[in-house]
1. For segment 97-104, in order, what is each residue's ³J(HN,Hα) by Karplus, 6.51 cos²θ - 1.76 cosθ + 1.60 with θ = phi - 60°, in whole Hz (x at glycine and Pro)?
2. Determine by what factor the alpha-carbon radius of gyration of segment 53-202 differs from 2.2 N^0.38 Å, reporting the quotient.
3. Given the -39500 (n - 2.57) contribution per DSSP H run of 4+ residues, what per-residue ellipticity at 222 nm results for the chain, rounded to the nearest 500 deg cm²/dmol?
4. So how exposed is K40, as accessible area in Å² (1.4 Å probe, rounded to 10)?
5. How high is the relative contact order of the chain, given as a whole-number percent (alpha carbon pairs under 8 Å, six or more residues apart)?
6. Between L97 and T238, what FRET efficiency comes out of the Förster formula 1/(1 + (r/R0)^6) with R0 = 60 Å and r the beta carbon distance, rounded to 0.05?
7. Could you give me the ³J(HN,Hα) list for segment 566-578, computed from phi with Karplus coefficients 6.51, -1.76, 1.60 and θ = phi - 60°, whole Hz, x at Gly and Pro?
8. If you rank R545, R72 by how much accessible surface each has, with a 1.4 Å probe, what is the order from largest down?
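The values are calculated or read from the model by the stated rules, or taken from the named source; none is laboratory data. These numbers were taken from a predicted model, which means no experiment stands behind them. When we count neighbours, we look across all protein chains shown, and the Cβ atoms used for this are built from the backbone with ideal geometry, even at glycine. The accessibility values were calculated without ligands, DNA or RNA, using every heavy atom of the protein model including side chains. Shrake-Rupley method; radii C 1.70, N 1.55, O 1.52, S 1.80 Å.
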Amino acid sequence: MKLRSASVMLALSLVAAANAAEYAQTSSEVYRPDPASAPKQEQWRAGAAKAGTATLRLPALAPERATAVRKRNAEARQRRLQVGIGRAIASEAVDDLPRLQWQAVAGGSVARLDVASTGASALRTGLRVANWPDTAELRVAGTDYSEQIYAVDGAAAKAQAGADGVYWTAVTDGELQHLELFVPANVDPATVVLNVDAVSHLLLRQQAPEPLSKALGDSESCNVDVVCLAGTLGANFTSVKNAVARMLFQSGGSTYTCSGTLINDLVDSSQIPWFFTAHHCIGNQSEASSLVTFWNNETPSCGSDQNGPNIQVGGGAQLSYSQSTTDGALLRLNGNPPAGAVLAGWSANPLTPNSAILGIHHPSGDIKKASRGTHSGVTDNLNLGGQLINSTLRASWSSGTTEGGSSGSGLFTLGSNGYQLRGGLYGGRASCSNSGLSEAAGNVDYYSRFDQIYPSIQQFLGAAASNGPTRDYTGQWDLSSESGRGLSMFQFNQLLFALWFVYDGQGRASWYQLDPAWTGVDVASGRVVRWTGSPWGPNYNPDARQLTNVGTFTLTFTSATQANFSYNVDGVNRSIVLSKISVN
């Protein structure tokens with residue numbers, strides 16, 4: 001059961017009338033992923049990756065390109081951190097893309113390709129996937145931690161492709177990434193292309209369960225590992241730190257890291273993985289689609305320089321809200337956070353000056369850290385890096401600080417129901433050199449205001465979200481193994497229009513109209529009706545139209561691209577899984 005409440009503030013209007021304003025808030029809750037969706041240990045379809053596989057290799061990166069990244073990171077007052085450099089295959093590859101060699105395996109065929117960027121600490125590969133069948137399977141692994149294989153099917157890869165049509169693979173350590181593409185036996189492999197568009201040459205390791213690379217992945221010495229505060233701050237802190245994840249995403253051809261927080265909603269039955277961060281981190285759907293998150297990226301014991309499990313979750317996210325003037329962004333993760341993650345509580349109350357505050361973040365892409373300090377007030381109309389934000393919360397640190405990579409991380413206060421999110425990091429001048437000093441000495445950071453963002457996102461987090469869609473499901477939906485039938489859906493805000501078409505063995509069409517009503521979160525149910533009438537032509541009679549109620553249905557959307565469709569129509573009772581057709 002979620003603890004939620006509303007506080008009441010009385011405000012006098014200009015005419016001295018008293019108005020009561022209610023502010024929503026909720027507590028933290030342990031995330032309970034569906035056991036059926038738990039990640040499995042993936043295996044190569046064609047056995048272990050082998051030496052001698054065709055390789056697409058990029059030469060060593062010019063040193064000045066990495067130097068320029070570090071210089072920009074050091075100068076930025078916003079805390080988004082660039083950690084990777086995009087390299088276009090068309091302009092930087094040494095040789096042409098090798099010709100794929102397909103080999104028969106159980107159930108179909110596979111082709112393999114190694115992609116390398118000499119000197120990279122880690123890699124992502126950008127692929128054009130528009131012509132892949134939904135049933136294709138891509139598996140990738142790095143040269144380091146090669147036993148960790150990441151897999152995605154064709155339908156998901158196409159759904160996660162950005163506006164430019166490029167899908168970005170999981171992140172793997174090492175300068176070379178192994179790719180294996182599988183197509184089932186009913187697909188002619190000659191029709192499938194493994195088109196490599198770009199490579200992201202990362203400057204620090206991402207999977208490494210050891211200290212991250214010096215120079216870019218080490219945060220300053222005043223930062224405090226979260227595990228070192230568990231005993232002092234207690235169970236509420238231990239809970240909320242498990243809501244924080246490190247982010248990695250593509251933007252403008254480069255790779256960046258930020259921090260974000262998994263947050264709760266007000267719906268008792270809901271476990272939707274809402275994720276709060278900064279607009280200057282994730283500002284459009286292409287960036288959201290490329291997102292991977294890293295969980296439990298923290299030291300196992302105080303004083304250790306080792307890493308914890310560091311679980312990578314791919315799948316991208318659906319962008320529900322992102323606004324430059326508030327610097328807030330709300331995402332819905334497509335992949336499930338791991339067991340042990342927490343949906344953080346939050347409060348839409350205005351934050352009182354001089355409140356004790358807590359920041360939890362990944363400075364410089366390092367293991368998880370915590371900073372403690374005081375909220376001293378608000379600053380309006382602040383411009384950092386050319387982005388004007390209407391109003392910010394100021395934070396001064398007595399312990400720890402923030403750095404590049406901390407962007408989007410949550411600002412928390414402690415209440416009777418535990419720690420609650422109050423905003424996300426926008427930027428500032430705080431550093432270890434001024435931690436514990438005054439704002440005048442530069443010890444100040446600026447955070448977005450959750451109280452001002454909430455009115456724009458309450459449709460997703462508020463109690464009213466118990467019945468209704470959390471995404472736009474407009475598009476064509478079908479079961480690819482059964483041709484000749486599908487749903488055509490158009491959604492306008494909360495209204496869903498759906499037509500169901502079925503063609504029989506002789507090519508004769510039957511059309512049904514679904515009359516949906518939202519009966520839960522992403523659940524629509526209602527009657528199925530059939531229209532009949534006179535044939536179209538010169539003698540068409542509109543008065544002959546007749547509506548017949550032929551059954552009922554329920555649509556349960558389980559992701560942006562999948563839905564369970566159950567129906568009882570004309571005596572046929574069935575349940576199938578529909579997929580949204582990707583159109584590029």
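1. 4, x, 6, 5, 10, 8, 10, 6
2. 1.10
3. Using -39500 (n - 2.57) per qualifying helix, the result is -2500 deg cm²/dmol.
4. 150
5. Details: 1526 pairs, mean separation 72.7, N = 584.
Contact order relative to length: 12 percent.
6. The computed FRET efficiency comes out at 0.75.
7. Going residue by residue, I get 10, 8, 10, 10, 6, x, 9, 10, 8, 9, 9, 9, 9 Hz, with x marking Gly and Pro.
8. Details: R545 140, R72 120 Å².
I get R545, R72, largest accessible area first.
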